[in-house]
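Asker: Could you have a look at this structure, given as structure tokens, before my questions?
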Amino acid sequence: MDQFPADTALIVIDVQVDFCPGGALAVEDGSAVVPLINPLMDRFSTVVLTQDWHPAGHHSFAAAHPAKAPFEMVEMPYGPQVLWPEHCVQGTPGAAFHPDLRTDPAQLVIRKGFRHRIDSYSAFFENDRRTVTGLRGYLSERGVRSLVLVGLATDYCVRHSAVDAARLGFQVTVAEDACRAIDLGGSLAEAHAEMAESGVRVVPSFAL
Ligand code: VGL
Ligand code: ZN
């Protein structure tokens, strides 16, 4: 398979035990992305993994809000926020990468969602839309201009990473079959609409 140019990076979003079948916030068929992502890594000179990495009792967890259930909405100081089941708690088995995901080719792991009161879907900005993760600086210092995004979940962390990256001026492609969605209240359709509007290219991985 063809090698991508050196200015193109692969960003693997949140392929973690808790987002796969049997996990605390399982995405349907989530582990199906692993055999597609693993061989892709060899075609990029820059590979970055992201890891959802919450402290216990994180404010995005329904359990931190009396009388709230998972998947209900709440108003945070930065806007509306979905409440999730406890997931990807720092150092727990659920926060680990999927056991079959290759991690050796990755040069950087960006952890996100580690601030108690702010969730972070995007690999670039936390949900307050202001707090940065540092990924933009890393990529631009390495001369990266173009990104291929894969992973979990299409309609949350992949979507927000893709849209932010496009806004920051990166050329962005999402390999759709190497992603799986949560699809909560139309979130997948919304994600597709927003990605299209932002100029994110969505393609099957064979067409990469
Ligand atoms: C994610 C919900 C909560 C994701 C992370 O990786 O898409 N979704 N935390
Ligand atoms: Zn999370």
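The values are calculated or read from the model by the stated rules, or taken from the named source; none is laboratory data. For clarity, every value in this text was computed on a predicted model and none was experimentally measured. Neighbour counts run over all protein chains shown; Cβ positions are idealised from the backbone, glycine included.
Asker: What number of residues within segment 52-110 are surrounded by fewer than 15 Cβ atoms within 10 Å (Cβ to Cβ), among the charged types (D, E, K, R) and in a loop (DSSP other than H, G, I, E, B)?
Answerer: Selection size over segment 52-110: 4.
Asker: Starting from segment 82-97, take each residue that is more than 28 Å from residue 185 (Cβ to Cβ) and list its partners that are within 11 Å of ligand 1 (Cβ to nearest atom) and in a strand (DSSP E or B), counting only C-beta distances under 6 angstrom and pairs at least six apart or across chains.
Answerer: 97/16
Asker: Right, next: Can you tell which of 24, 67, 32, 56 is more than 15 Å from residue 158 (Cβ to Cβ), away from ligand 2 (no atom under 16 Å from the Cβ), of a type in the set (Gly, Ala, Ser) and more than 14 Å from the chain's Cα centre (by Cα)?
Answerer: Result: 67 is the single residue among 24, 67, 32, 56 that is more than 15 Å from residue 158 (Cβ to Cβ), away from ligand 2 (no atom under 16 Å from the Cβ), of a type in the set (Gly, Ala, Ser) and more than 14 Å from the chain's Cα centre (by Cα).
Condition check ((1) farther than 19 Å from residue 98 by Cα; (2) in contact with a strand residue (DSSP E or B) (Cβ under 9 Å, 6 or more places away or on another chain); (3) of a type in the set (Val, Ile, Thr)) across all residues:
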site	(1), (2), (3)
4	yes, yes, no
11	no, yes, yes
14	no, yes, no
83	yes, yes, no
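Asker: Consider residue 81 carefully, then state whether it is in contact with a Ser or Thr (Cβ under 7 Å, 6 or more places away or on another chain) and of a type in the set (S, T, N, Q).
Answerer: yes
Asker: In addition: Which residue pairs have Cβ atoms under 7 Å apart, sit 6 or more places apart or on different chains, and have a first residue in segment 18-46 that is touching a residue at least 12 places away in the same chain (Cβ under 8 Å) and within 30 Å of residue 63 (Cβ to Cβ) and a second that is of a type in the set (Ser, Thr, Tyr) and surrounded by 15 or more Cβ atoms within 10 Å (Cβ to Cβ)?
Answerer: That search, which allows pairs on different chains as well, returns 20/31.
Asker: Further, regarding this structure: Which of the strands (runs of 3 or more DSSP E) contained wholly in segment 114-208 include at least 2 residues that are of a type in the set (D, E, K, R) and in contact (Cβ under 8 Å) with a residue 24 or more places away in the chain?
Answerer: The strands (runs of 3 or more DSSP E) meeting that bar are 171-180.
Per-residue answers, yes or no, for (1) closer than 19 Å to residue 41 by Cα; (2) at pLDDT 95 or above; (3) in contact with a Phe, Trp or Tyr (Cβ under 7 Å, 6 or more places away or on another chain); (4) within 9 Å of ligand 1 (Cβ to nearest atom):
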{"site": "152", "(1), (2), (3), (4)": "yes, yes, yes, yes"}
{"site": "158", "(1), (2), (3), (4)": "yes, yes, no, yes"}
{"site": "162", "(1), (2), (3), (4)": "yes, yes, no, no"}
{"site": "168", "(1), (2), (3), (4)": "no, yes, yes, no"}
{"site": "177", "(1), (2), (3), (4)": "yes, yes, no, no"}
{"site": "192", "(1), (2), (3), (4)": "no, yes, no, no"}
{"site": "195", "(1), (2), (3), (4)": "no, yes, no, no"}
